[in-house]
1. Among the residues of region 469-487, is there at least one that is more than 12 Å from the ligand (Cβ to nearest atom) and in contact with a strand residue (DSSP E or B) (Cβ under 8 Å, 6 or more places away or on another chain)?
2. What are the residue pairs meeting all of these: first residue in region 337-357, first residue without any contact (Cβ under 8 Å) to a residue 60 or more places away in the chain, second residue crowded, with 21+ Cβ neighbours inside 10 Å, Cβ atoms under 6 Å, and 6 or more apart or on different chains?
3. Could you please find all residues in region 461-478 being surrounded by fewer than 20 Cβ atoms within 10 Å (Cβ to Cβ) and outside any loop (DSSP other than H, G, I, E, B)?
4. Could we say that residue 502 is assigned by TED's automatic domain parsing to the domain that holds residue 375, surrounded by fewer than 21 Cβ atoms within 10 Å (Cβ to Cβ) and within 15 Å of the ligand (Cβ to nearest atom) here?
5. Taking residue 511 as the residue in question, decide whether it is within 16 Å of the ligand (Cβ to nearest atom) and modelled with pLDDT under 95.
6. Picking from 448, 417, 444, 432, which residue would you name as being modelled with pLDDT under 95 and more than 16 Å from the ligand (Cβ to nearest atom)?
7. Taking helices (runs of 4 or more DSSP H) that fall entirely within region 135-208, which contain at least 2 residues that are surrounded by 15 or more Cβ atoms within 10 Å (Cβ to Cβ) and away from the ligand (no atom under 12 Å from the Cβ)?
8. At pLDDT 75 or above and within 30 Å of residue 418 (Cβ to Cβ) - does that describe any residue in region 23-34?
Ligand code: HEM
């Protein structure tokens with residue numbers, strides 16, 4: 001059969017004349033030439049960002065960047081390019097990264113109204129856009145007004161039930177540690193359960209929140225699957241439809257092996273069911289929850305007339321906001337708390353110093369330390385947290401914005417309208433002029449300096465973003481992380497285990513910037529005389 005086919009091709013070729021044979025040979029060469037021109041030569045000569053410095057491949061295709069995304073090293077690579085090429089770097093044919101404070105302010109500042117990029121379409125939930133996923137400046141401002149007063153520090157810090165709840169969850173975490181004393185504890189899982197318990201309390205109210213720390217439950221498995229799903233993130237962003245169908249198919253074939261690929265859908269269904277239970281519960285009106293706050297805002301808007309488009313604040317929108325806030329708060333707080341425990345485990349003298357400062361605080365009737373005291377009178381904890389925010393910012397690094405009509409000039413380079421621009425948080429946080437020996441975990445850089453140097457460092461520390469769309473949860477995150485770490489280190493010290501290493505804790509450029517090993521195994525040990533550490537110094 002094959003021989004026959006070969007023979008007939010041979011006889012066809014021998015029957016055509018020389019000119020046609022040459023033409024036949026030229027066709028593939030022409031194809032390759034056209035391909036080279038359109039994929040290589042044309043972008044190199046005429047690419048809209050060819051005047052911006054950057055690796056030459058980035059002028060031709062975004063596949064070059066995709067390669068680093070799939071290796072989960074996008075942020076590291078971009079920071080490295082900034083060292084090589086300067087404060088403005090072309091990272092893809094229509095994408096630029098900036099690494100100066102001035103350009104960062106221009107991109108994210110309230111004055112300039114840059115919209116978000118199409119990347120944020122990936123974060124729509126139930127067909128609606130939360131504050132985070134809203135792209136245009138004006139629509140975003142209208143939605144943000146609905147939630148910003150709720151998340152303001154003045155509201156979060158003056159809400160005694162919330163502090164009591166977080167304190168109680170910290171004690172539950174402590175109890176978990178006590179029960180597993182002598183064994184290795186995965187702090188990342190513990191922090192994850194803690195963060196989910198807290199955000200569901202704040203968003204859905206006390207009757208419908210989770211209690212993951214207390215016992216093994218469905219939500220614990222869900223959180224674990226969400227962590228694994230991070231690694232499918234780059235492909236999901238590049239090929240959303242293909243991955244959606246492939247994930248569903250694989251999960252159907254083997255739930256046990258591939259169930260993690262549909263963890264986001266499971267979270268959305270789980271959240272929808274909790275949302276409906278909470279909204280139908282008459283006790284909702286007595287809670288201080290985000291859900292109640294949003295429902296009240298909707299009622300107020302109805303009365304006040306056309307201020308906001310009624311269609312935007314329907315139940316679908318509220319459900320999307322609730323899910324997005326749970327997503328945003330759970331992963332980021334868990335990752336930050338985990339890196340803080342890891343860094344303290346590597347630096348026992350900072351543990352002692354924090355414990356010493358904690359032991360000087362007045363103890364409340366219930367045996368706990370008040371957050372206001374921890375926040376204002378434990379400078380070592382504040383300094384260590386700042387270093388963790390600097391070295392391990394818990395976000396994707398893809399706060400993409402789009403250049404408005406007319407284009408803009410950034411550090412001397414003209415960027416035409418519709419160019420996608422992102423500030424490289426990693427490059428800003430490793431600026432040697434502002435943070436000398438920037439790779440070192442050095443909390444003292446926040447303690448032993450004059451006010452002017454402190455202000456300079458503070459201005460460039462942007463783990464929560466910058467400007468008009470700065471993170472709404474900063475006050476909540478700070479409260480949760482400080483209470484968690486204070487509860488643990490007041491009584492315990494953490495000791496390194498053999499499975500904990502710089503490699504396992506390498507921070508990946510995934511959406512939640514997770515540690516590569518997805519675990520942080522430490523051993524807790526009771527401190528014999530906590531007050532001994534009062535005089536401990538670095
Ligand atoms: C250490 C913890 C956290 C970090 C590092 C963090 C980081 C960020 C960053 C970088 C942004 C800006 C994204 C952009 O500009 O595109 C953001 C936005 C946001 N974060 Fe957080 N976040 C944290 C905790 C929280 C918590 C606890 C909540 C609670 C609900 C939260 C809710 C939000 C919301 C709603 C937005 C969107 C704000 C807007 O677009 O106006 N975050 N976060």
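1. Yes: region 469-487 contains one or more residues that are more than 12 Å from the ligand (Cβ to nearest atom) and in contact with a strand residue (DSSP E or B) (Cβ under 8 Å, 6 or more places away or on another chain).
2. Correct list of pairs: 357/378; 357/380.
3. Result: 467, 468, 474, 475.
4. Considered against the rule, which asks whether it is assigned by TED's automatic domain parsing to the domain that holds residue 375, surrounded by fewer than 21 Cβ atoms within 10 Å (Cβ to Cβ) and within 15 Å of the ligand (Cβ to nearest atom), residue 502 comes out as no.
5. Yes, satisfied.
6. On inspection, the qualifying residue turns out to be 448.
7. In region 135-208, the matching helices (runs of 4 or more DSSP H) lie at 160-179, 187-204.
8. Taking every residue of region 23-34 in turn, none turns out to be at pLDDT 75 or above and within 30 Å of residue 418 (Cβ to Cβ).
The values are calculated or read from the model by the stated rules, or taken from the named source; none is laboratory data. Small disclaimer: the values here were computed from a predicted structure and weren't measured. So basically every Cβ, Gly included, is an ideal-geometry build from the backbone, and we count neighbours across all protein chains shown.
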